């Protein structure tokens, strides 16, 4: 296979839902409708003074329709809602099989400087997530969600919560995913924007959760073509012969241990004028990471099918950029391979030449991500002349140990770009935390007499050493390095009620989308 490139210019057509009023026939059903289809409704309440619960405007309107029955039920379940965050009401009205009332916290909750998050937006995501999940457990097939004051965030939380990974189950055991509709709001654009973002993150979750034997480099390339080319995004898929012709020896060293051939993706989204310099994404695409000869512990190894999470989030973000018609030019380069032990695998102590002419000693085969990204960064800069580089990867266990799943570690050489991505994390609730790019760490990976750069370096602080290593392959251009090891793989965080515990997260897809939106539309942010 020399090429697998497609350049169809078909645009997805997204039809806006007509404005719906509370007395619309679609919302208030007959007995026959309820018998044929289980329909649910999600409403919100705020915490008022003296721990009283106050209905949202949409909930008040619905309560008036029920002559106060909803407010009476909420008052009686005040302690349960405060403790569990929700209450399921059945047999309240013949129009809905079940009604979920969710706690949205304090009505005036907003940006928290200490927490670096917009708590009001996150409360809406959490409330929508837990509400639709509980309604789905009631067997509801169609869920109407009120805007909760923030229709975009309500859509995000709801669509993320109902997603399931069940591709490898027998069809008869698949659990149906309920449909979602906006209730009692005319802001269909914000709702649709939230759905775009959530659906993109769900794409990243599916790619990450697919087992390594089903998501090889070639399979990932085909999935990328399937997802992006129908939107009019050009995808060039390069084979091993092309990679060898470009002398990407660091990339080839990682790929050498596997029978699966390496693939190099070059993606072009042209939403801006031709003269506009592009934003360049570089993604780590290890479809399965055993650690190579420096093997990972067996009890955690299956999780590293998601070592492709950086590449997956980039593919998902570009698809969302197209759906949102962002006026940007975006390029992405993604080296794809497996990191496996074999007689052909790279060995500790090997020295390879990077694409920019710097010699690299491979001190630890389990630190293969920086080798892939080194060649990807140099190629992307040479081929696309970007104005901003963003690389995304699950790079080091040190990031997971220091930040857990609370935030992505970000290394940035531009204060302006750091401010932009920090703002994006605040808005999406998928936070970032800045780490240092000090010369101290550069010296730890470059002060060797036998070679230019070391893929392990001296001393502790592996996240910082990895960033210092990559910095040797970045020229004078704005650069953001995101280490997403803690956030991008398996979800272990019970606080994120809209994600499924034990499954892959798809993070930080929405933060990347929000960053692109801010760069494309600075006046509206």
Problem set entry | Hydrodynamic radius by Kirkwood, which averages 1/r over all alpha carbon pairs of the range 31-183, in angstrom | 16.0 Å
Exercise. What Rg and what Dmax come out for the range 182-306 when only alpha-carbon atoms are used, in angstroms?
Worked result: 18.3, 59
Seminar exercise, completed: In deg cm²/dmol, rounded to the nearest 500, the helical mean residue ellipticity at 222 nm of the chain, built from -39500 (n - 2.57) for every DSSP H run of length 4 or more, is -11000 deg cm²/dmol
Exercise. Relative contact order for the range 481-524 using alpha-carbon pairs under 8 Å, separation at least 6, rounded to a whole percent?
Worked result: 32 percent
Seminar exercise, completed: The answer for the per residue Cα convex hull volume of the chain, in Å³, is 157 Å³
Exercise. To the nearest 10 degrees, how steep is helix 217-228 against the longest Cα principal axis of the chain, on a 0 to 90 scale?
Worked result: 50 degrees
For this session: Compute the relative contact order of the chain as a whole-number percentage, counting only Cα pairs closer than 8 Å that sit 6 or more residues apart in sequence.
Result: 15 percent
Exercise. So what is the orientation-averaged projected area of the range 374-502, using the convex hull of its C-alpha atoms, in nm²?
Worked result: 8.9 nm²
Exercise. Any idea what angle helix 309-323 forms with the longest principal axis of the chain, computed on alpha-carbon atoms, 0 to 90 degrees, nearest 10?
Worked result: 60 degrees
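For 117, 99, which order do you get if you count the other beta carbons within 10 Å of each Cβ and list the fewest first? If you can, show how the numbers build up before the last one.
Details: 117 20, 99 27.
Going from least to most buried by this count: 117, 99.
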Problem set entry | the range 430-474 and the range 275-296: distance between their alpha carbon centers, rounded to Å | 17 Å
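Where both residues lie in the chain, what percent of DSSP beta bridges are antiparallel, nearest 5?
Numbers: 35 of 75 bridges.
Roughly 45 percent of the DSSP beta bridges within the chain come out antiparallel.
Bear in mind these aren't lab numbers, they're just calculated from the coordinates by the rules spelled out. Given the structure is predicted, the values throughout are model-derived calculations rather than measurements. Positions of Cβ are generated from backbone atoms using ideal geometry, with glycine treated the same way; all protein chains shown enter the neighbour counts.
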